[in-house]
Structure formats: C-alpha cells, structure tokens
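Student: Here it is, the structure, as structure tokens.
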Amino acid sequence: GGRRLGDPGACGGRRAAHVGAWCLPCTPAAKLCDRDTIVRALESGQLAGYAGDVWFPQPPPADHPWRKMPHSAMTPHVSGTSLSAQARYAAGTREILEAYFSGEPIRREYQIVTDGQLAGAGAHSYSEGNATGGHAGGKGKGK
C-alpha cells in the first residue's frame, strides 16, 4: 500500500513516475517527501537515485530508512553560503574524514551525534525529543 512515486507529494511535491528519474528536493522538501515511497522506488528501480541535503527529522533516528536506501547521496546544505564558507566546509569535511580513517578522534565542534547521543555542536544546536517526529527519550541539553 501507500503512495506511489507518481503521486503528487511523493517526492517533495513533484511527480517522478518514469523509470530513470532522479529526485532532487530542496531543503524543505525532505519533510514533504514520502520517505517510504522514495525507498520503495529506489529499491524497485523506478527511481534511479535520490540526492538531498537535509533529513527529516534532523538529526535522523538510527533506524531512518534513508540510511540504507540504495542509489542515494546526502550532502551538506550550502545554498546561500559564501565561497569562503564553502571552502571552510570542504576543509572541515576533509579533516573529519582524515581523522575517521586514521582512527583519530573528531574535534567536538564538528560532532553532532556521537554514539547515538547529541554531542559537540549538535548538543548546543538541537534538543532530543519528538517535536519533529524524531528520536524520543534522550537527555538532551536543550529540553
């Protein structure tokens, strides 16, 4: 059951019913996308890929289906930022990846979630709970 990919709203208010289509929603569309329809369409091959720059809810729970869906990519949201800010994002991303692959700790200011708990900048920017339909039952600092 559920929504079909060709239904309005299945992919951020767009219709994407033909095989080989890509869904490229803008930031608010992550909440508008029918997440399970997107997953089924990717798994069946009806949708060739999904690229987005935000999750809903954010941060996503550990069991969010987009974490494992095929042919998808999530990128940082950089729309409207300056070139110098984008250069800082790129340098930070490189530093995080280098630390991760060398087994070094990632600086706290880069952390949003660590071991399933809000951490670093995330602990100051988000509060745990279910206000956005996300993970409930934590002890976030922002409550």
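Student: Once you charge only the Cβ atoms, +1 for Lys and Arg and -1 for Asp and Glu, what is the size of the charge dipole of the range 57-126 about its Cα centre, to the nearest 20 debye?
Tutor: 140 debye
Student: Ignoring ligands, DNA and RNA, what accessible area per residue does the range 48-104 give at 1.4 Å, in Å²?
Tutor: 66 Å²
Student: While we're here: Near the amide H of Gly49, under 5 Å away, which other amide H atoms are found, from residues 5 or more places off or on another chain, if H is placed in the peptide plane?
Tutor: Cys23
Student: Can you work out ³J(HN,Hα) from phi for every residue in the range 100-107, in order, using Karplus 6.51 cos²θ - 1.76 cosθ + 1.60 and θ = phi - 60°, giving whole Hz and x for Gly and Pro?
Tutor: Each residue's phi maps through the Karplus curve to give 4, 6, 9, x, 8, x, 8, 3 Hz.
The values are calculated or read from the model by the stated rules, or taken from the named source; none is laboratory data. None of these values were measured; they are calculated from a predicted model. Glycine also receives a Cβ, built like all others from the backbone with ideal geometry; neighbour counts cover every protein chain displayed. Quick note on the areas: whole protein, heavy atoms, side chains included, nothing else; ligands and nucleic acids left out. Shrake-Rupley method; radii C 1.70, N 1.55, O 1.52, S 1.80 Å.
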